[in-house]
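As structure tokens, the structure follows; a few thoughts come after it.
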Amino acid sequence: MALGRKGRNVDNTTHELDPNSITKEEGQYYDAESHEEKGGRKMSRVAGVMGGESDQDSQLGVGKQLELEATNSIKYRTCSWQKTAALLFSEYICLAIMSFPYSYSVLGLVPGLIVTVVVAMSVLYTSLIVWEFCLRHPEIRDVCDVGQMLYFGWTWVWYFTAAMFLLNNTFIQGLHVLTGAKYLNTMSGGAVCTVGFSAIWAVLSFFSSLPRTFDTLSKLATLSAFFTFVSVLLAAIFAGIEAHPYGYNSPNGGKDGLMTGNPIVLVIPAAGTGFVSGMNAFLNISYTFIGQITIPSFIAEMKEPKDFPKALWAVTICEIIVFSLTASIVYVYTGTQYNTAPAFGSLGNELYKKVSFSFMIPTLIFLGVLYASVSARFVFFRIFEGTRHKGNHTVVGWATWAGILACTWIAAFIIAEVIPFFSDLLSLMSSLFDSFFGFIFWGTAYMRMRRADYGPGWLSKRGIRGISGFILNVILICIGLFMLTGGTYATCQSIVNNYKDGLVVGGPFTCASNGL
């Protein structure tokens with residue numbers, strides 16, 4: 001199925017949509033093979049969504065996909081739920097955890113913990129919606145396919161979603177280029193121009209991105225998640241055992257006009273906390289949790305997509321525990337005056353800072369690599385769908401794959417130099433992209449699926465469940481719209497303020513050290 005190219009199959013023949021091949025009003029349900037979810041509950045495909053999807057493509061279930069790949073030298077549907085869990089762990093257990101102490105310093109400890117749990121549970125709920133939608137449509141390969149399906153097969157939606165999808169992934173790559181330069185500057189004391197360190201990190205990440213399947217990347221993901229856990233654990237321990245945080249009682253210690261001295265811990269937000277700083281703190285937390293953009297891509301490479309919730313629940317439980325404990329401990333010992341984003345810079349002992357930050361190296365490389373791979377396969381599959389280059393080792397295939405990756409890393413390098421503020425870059429990505437991929441899309445998906453299952457009167461047919469589900473998902477859509485509007489405004493204003501105040505760095509493409 002080549003979405004965005006209406007009704008065109010890999011053999012270049014065009015088919016008219018037959019609505020009866022997708023669903024019937026009463027009782028024709030669909031999964032990979034038997035028109036029925038293997039877990040037992042029947043589900044209807046969302047009717048009339050493709051605007052030209054062929055019956056051949058709509059019936060391409062998981063089993064048939066595995067059969068078609070059997071003779072290929074490169075196989076894509078190879079991930080177990082354990083390997084998918086490793087990919088999710090590497091995506092969520094990441095450097096952005098170390099922005100939580102900053103968020104807690106703005107929101108206050110109690111509201112910060114509440115926001116952490118609420119966002120985590122909303123992401124769990126919407127991720128299950130994504131999974132259910134992918135079970136109904138095993139032909140889905142990525143979130144762009146989902147976007148076009150949700151909005152009635154409109155081609156422009158596919159292109160709009162594709163643009164956001166690629167920009168989101170490239171911004172995340174840029175974040176890791178920026179943080180890689182931070183790490184190299186921290187360890188070397190600014191021995192090389194920051195632009196040079198950024199370029200070195202981008203080149204290193206490019207070569208690490210070359211593997212073409214998630215099965216291969218899942219092995220690296222396990223190491224990435226493990227070392228990240230060690231890194232944040234050490235940061236929390238070091239913050240607790242060192243005498244004082246960085247900047248304690250020094251002339252330049254503290255920030256935002258606050259007194260130096262013992263760390264100030266706020267249970268609730270400080271009086272006068274503004275909308276811009278509060279919104280940025282919320283967006284920093286949201287960014288770390290919201291990762292539904294990759295879920296359709298991960299499910300598309302699972303041997304048994306029905307097992308995805310096992311991976312999702314395991315990751316969510318670990319997220320809540322690790323994020324809450326680490327952020328709370330580091331914040332309590334570094335206070336509102338001394339915390340930085342990422343929080344490694346809050347450690348006063350130089351050895352402690354370098355040791356804990358160094359354990360973050362695998363995730364600094366791998367998470368950018370993961371998103372680069374997701375972007376590259378999105379473009380690569382659409383160039384070579386139905387050709388031997390997709391599933392076999394060919395010079396043309398590998399050269400194109402490398403070329404796509406090179407383009408994404410060059411763009412990431414530019415982004416890292418233009419927006420060199422860690423917390424603001426997190427917030428900008430969250431407001432622009434997570435608003436859609438974290439909330440708006442999945443509230444819409446819930447309503448489309450329930451209407452497909454129960455018909456136009458699905459609200460009344462389901463009683464209180466239908467009404468409560470509708471209200472909950474309308475709230476999710478409204479949260480997404482608020483993040484998109486208010487969040488983008490707050491982030492842009494924060495970036496302007498930082499440049500105006502000369503904070504962190506002198507400007508874009510600077511040689512000034514951005515080390516912690």
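The values are calculated or read from the model by the stated rules, or taken from the named source; none is laboratory data. Given the structure is predicted, the values throughout are model-derived calculations rather than measurements. Positions of Cβ are backbone-derived with ideal geometry, glycine not excepted, and every protein chain shown enters the neighbour counts. Please note that ligands, DNA and RNA were not included when accessible areas were found on the heavy atoms of the full protein model with its side chains. Shrake-Rupley method; radii C 1.70, N 1.55, O 1.52, S 1.80 Å.
So, restricting to helices (runs of 4 or more DSSP H) that lie completely within region 275-364, which ones have at least 1 residues that are among the charged types (D, E, K, R) and farther than 20 Å from A120 by Cβ?
Working: elements: 275-289, 295-299, 308-338, 350-358.
Answer list for region 275-364: 350-358.
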| task | Output the residues belonging to region 172-220 that are open to solvent by less than 30 Å² (accessible area, probe 1.4 Å), within 15 Å of S375 (Cα to Cα) and either at pLDDT 85 or above or touching a Pro at 6+ places or on another chain (Cβ under 8 Å) (or both). | result | I172, Q173, G174, S205, S209, L217
| remark: Within region 127-161, of all residues that are over 17 Å from A452 (Cβ atoms) and among the polar types (S, T, N, Q), the one most open to solvent (accessible area, probe 1.4 Å) is T155
| List the pairs whose first member sits in region 485-500 and is in a helix (DSSP H, G or I), whose second member is at pLDDT 80 or above and of a type in the set (D, E, K, R), and whose Cβ atoms are under 7 Å apart, counting only residues at least 6 apart or on separate chains? | none
| Odd one out for C407 among (1) open to solvent by 10 Å² or more (accessible area, probe 1.4 Å); (2) more than 30 Å from A512 (Cα to Cα); (3) more than 19 Å from the chain's Cα centre (by Cα) | (2)
| task | Answer with yes or no whether F133 is without any contact (Cβ under 8 Å) to a residue 24 or more places away in the chain, in a helix (DSSP H, G or I) and of a type outside the set (V, I, T). | result | no
